[in-house]
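Heads up: the structure comes next, in structure tokens.
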Amino acid sequence: MHELSLAEEVIRLAGSEALSHNAVSVSEITLEIGNMSGIDADAFESALLILSENSIIDKNGINIIRKKGTGICHSCGIEFEMERRIAECPGCHNLPSEISGGTEFRVVSLVVEQEDDD
């Protein structure tokens, strides 16, 4: 289950970014996970929620954007959405010549909270 190690790395990255900005917490983190990335988004989200329990990340501020896959068929020129890697072109029923979307796994944004100087 590599989702657990990916969740650990995201928490490490968030902590590192917070530290570099003298922040005390990460109030919001937004990630994109494509359904062609090889990552089980539900398992990753569960791991991130569990690991964020004692971390710098506020688990209520975890946002995951799921991106559908996009295939391009060079036989007929159609670009189409893919739910899984083995998907037929809706025009000519060939396999996609290229997967152009849905492979994302990235941190899109972090919102950090800095300590009040009052």
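The values are calculated or read from the model by the stated rules, or taken from the named source; none is laboratory data. Quick caveat: nothing in here was measured; it's all calculated off a predicted structure. Reconstructed Cβ throughout: ideal geometry from the backbone, glycine too, with neighbour counts over all protein chains shown. Surface areas here come from the heavy atoms of the whole protein model, side chains and all, with no ligands, DNA or RNA. Shrake-Rupley method; radii C 1.70, N 1.55, O 1.52, S 1.80 Å.
The table for this structure:
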{"item": "Given (1) open to solvent by less than 60 Å² (accessible area, probe 1.4 Å); (2) in contact with a helix residue (DSSP H, G or I) (Cβ under 6 Å, 6 or more places away or on another chain); (3) within 28 Å of Glu115 (Cα to Cα), index of the condition Glu3 fails", "result": "(3)"}
{"item": "The range 64-99, residues that are of a type in the set (S, T, N, Q) and open to solvent by 60 Å² or more (accessible area, probe 1.4 Å)", "result": "Ser75, Asn94, Ser97"}
{"item": "Selection from the range 32-43 of residues that are of a type outside the set (S, T, N, Q) and within 12 Å of Arg66 (Cα to Cα)", "result": "Glu32, Ile33, Gly34, Met36, Ile39, Asp40, Ala41, Asp42"}
{"item": "Matching residues in the range 8-35 - criterion: being in contact (Cβ under 8 Å) with a residue 60 or more places away in the chain and either within 15 Å of the chain's Cα centre (by Cα) or within 15 Å of Phe105 (Cα to Cα) (or both)", "result": "Val10, Leu13, Ala14, Glu28, Ile29, Thr30, Leu31, Glu32, Ile33, Gly34, Asn35"}
